[in-house]
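Asker: Below is one structure. I have some questions about it.
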Amino acid sequence: MRVNGADEKLDVEPWVSLLDALRERMGVTGPKKGCDQGACGACTVLADGVRINACLALAVQYADKEITTIEGVAPHPLQEAFIRHDGFQCGYCTSGQICSAIAMLDEHAAGMPSAVSQGDPELTEAEIRERMSGNLCRCGAYNGIVDAIKEVAG
């Protein structure tokens, strides 16, 4: 598979999650193991630009995909906006939040509807909160996260 722009060759058992392959076999520690059940979003990575929970994905399913973790995100306006708007406290969820937000902005720009928007082109606060609902922050930095995303969305 290709991880953060580099070709990686792995020999893993078919039951190894993408998250475990990244963290334990490749040393890519940006994606975090929070719940290990797909409920918190701390492990969110991009697979060919689509956000996924790496804890629920089997590594072998992504053999021919481009996997991008926070380490592979080039300096992105969201990273600076998270800092400006205090979009994190402890930082545990931040890599998943940023990867998810990058994909969420792409989804919105592509016209993908959500439960809130039903196709409305405006990216409202409610829309951002709904689209980011798969990423939890136990510190409660949600207002800063939303403000950072709103700034970058323009």
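The values are calculated or read from the model by the stated rules, or taken from the named source; none is laboratory data. Since we're looking at a predicted model, the values are computed, not measured. Backbone-built Cβ (ideal geometry, glycine too); neighbour counts: all protein chains shown.
Asker: Is there a residue in segment 38-57 that is in a helix (DSSP H, G or I) and in contact (Cβ under 8 Å) with a residue 24 or more places away in the chain? Please lay out each step first, then the result.
Answerer: So in segment 38-57, the residues in a helix (DSSP H, G or I) come out as none.
There is no residue in segment 38-57 that is in a helix (DSSP H, G or I) and in contact (Cβ under 8 Å) with a residue 24 or more places away in the chain.
Asker: Taking segment 22-37 on its own, how many of its residues are under 10 Å from Ile67 (Cβ atoms) and part of a loop (DSSP other than H, G, I, E, B)?
Answerer: 3
Asker: Filtering segment 18-77 down to residues that are closer than 15 Å to Tyr92 by Cα and of a type in the set (Ser, Thr, Tyr), which residue is farthest from the chain's Cα centre (by Cα)?
Answerer: The selected residue is Thr29.
Asker: Right, next: What number goes with the only condition from (1) under 29 Å from Ala21 (Cβ atoms); (2) loosely packed, with under 13 Cβ neighbours inside 10 Å that Gly154 does not pass?
Answerer: (1)
Asker: Here's something else I'd like to know. Only residues that are surrounded by 18 or more Cβ atoms within 10 Å (Cβ to Cβ), of a type in the set (D, E, K, R) and either closer than 20 Å to Met132 by Cα or in contact with a Leu (Cβ under 8 Å, 6 or more places away or on another chain) (or both): list them for segment 18-75, please.
Answerer: Lys32, Arg51
Asker: Could you please find all residues in segment 85-122 being among the hydroxyl-bearing types (Ser, Thr, Tyr), assigned to a loop (DSSP other than H, G, I, E, B) and touching a residue at least 60 places away in the same chain (Cβ under 8 Å)? Give the steps one after another, and end with the answer.
Answerer: Restricting attention to segment 85-122, the residues satisfying the condition of being among the hydroxyl-bearing types (Ser, Thr, Tyr) are 92, 94-95, 100, 114, 117.
When the remaining residues are screened for being assigned to a loop (DSSP other than H, G, I, E, B), the result is 92, 114, 117.
Tyr92 - this is the single residue of segment 85-122 that is among the hydroxyl-bearing types (Ser, Thr, Tyr), assigned to a loop (DSSP other than H, G, I, E, B) and touching a residue at least 60 places away in the same chain (Cβ under 8 Å).
Asker: Against the condition in a helix (DSSP H, G or I), touching a strand residue (DSSP E or B) at 6+ places or on another chain (Cβ under 9 Å) and modelled with pLDDT of 95 or more, how does Leu19 come out, does it pass?
Answerer: Values: in a helix (DSSP H, G or I): yes; touching a strand residue (DSSP E or B) at 6+ places or on another chain (Cβ under 9 Å): yes; modelled with pLDDT of 95 or more: yes.
In short, yes.
Asker: For segment 124-134, name all the residues that are in contact (Cβ under 8 Å) with a residue 24 or more places away in the chain and more than 17 Å from Pro77 (Cα to Cα).
Answerer: Glu125, Arg131, Met132, Gly134
Asker: Among the listed residues Thr29, Thr94, Thr68, Thr44, identify the single one that is β-branched (Val, Ile, Thr), at pLDDT 95 or above and in the same structural domain as Ile145 (by TED's automatic domain parsing).
Answerer: Values: Thr29 fails: in the same structural domain as Ile145 (by TED's automatic domain parsing); Thr68 fails: in the same structural domain as Ile145 (by TED's automatic domain parsing); Thr44 fails: in the same structural domain as Ile145 (by TED's automatic domain parsing).
Selected residue: Thr94, the only one of Thr29, Thr94, Thr68, Thr44 that is β-branched (Val, Ile, Thr), at pLDDT 95 or above and in the same structural domain as Ile145 (by TED's automatic domain parsing).
Asker: What do you reckon, is Cys43 in contact with a strand residue (DSSP E or B) (Cβ under 7 Å, 6 or more places away or on another chain) and of a type outside the set (Val, Ile, Thr)?
Answerer: On the way: in contact with a strand residue (DSSP E or B) (Cβ under 7 Å, 6 or more places away or on another chain): yes; of a type outside the set (Val, Ile, Thr): yes.
So Cys43 fits the description; yes.
Asker: Let me ask another. Given (1) within 29 Å of Asp147 (Cα to Cα); (2) outside the structural domain of Gly140 (by TED's automatic domain parsing); (3) of a type in the set (Lys, Arg), where does Arg84 come up short, assuming only one miss?
Answerer: Of everything listed in (1) within 29 Å of Asp147 (Cα to Cα); (2) outside the structural domain of Gly140 (by TED's automatic domain parsing); (3) of a type in the set (Lys, Arg), Arg84 misses just condition (2).
Asker: I want to confirm something. Restricting to segment 101-135 and keeping residues that are among the hydrophobic types (A, V, I, L, M, F, W, C) and touching a Phe, Trp or Tyr at 6+ places or on another chain (Cβ under 9 Å), which single residue is surrounded by the fewest Cβ atoms within 10 Å (Cβ to Cβ)?
Answerer: Of segment 101-135, the ones among the hydrophobic types (A, V, I, L, M, F, W, C) are 101-105, 109-110, 112, 115-116, 123, 126, 128, 132.
Now narrow it down to the ones that are touching a Phe, Trp or Tyr at 6+ places or on another chain (Cβ under 9 Å): 101, 132.
Working: Ala101: 28, Met132: 19.
The residue in question is Met132.
Asker: Can you tell me which residues in segment 135-154 are outside any helix (DSSP H, G or I) and either touching a residue at least 40 places away in the same chain (Cβ under 8 Å) or in contact with a His (Cβ under 7 Å, 6 or more places away or on another chain) (or both)? Steps first, answer last, please.
Answerer: As a first pass, look at segment 135-154 and keep what is outside any helix (DSSP H, G or I): 135-141, 154.
If the condition is that a residue be outside any helix (DSSP H, G or I) and either touching a residue at least 40 places away in the same chain (Cβ under 8 Å) or in contact with a His (Cβ under 7 Å, 6 or more places away or on another chain) (or both), then Asn135, Leu136, Cys137, Arg138, Cys139, Gly140, Ala141 are the ones that fit.
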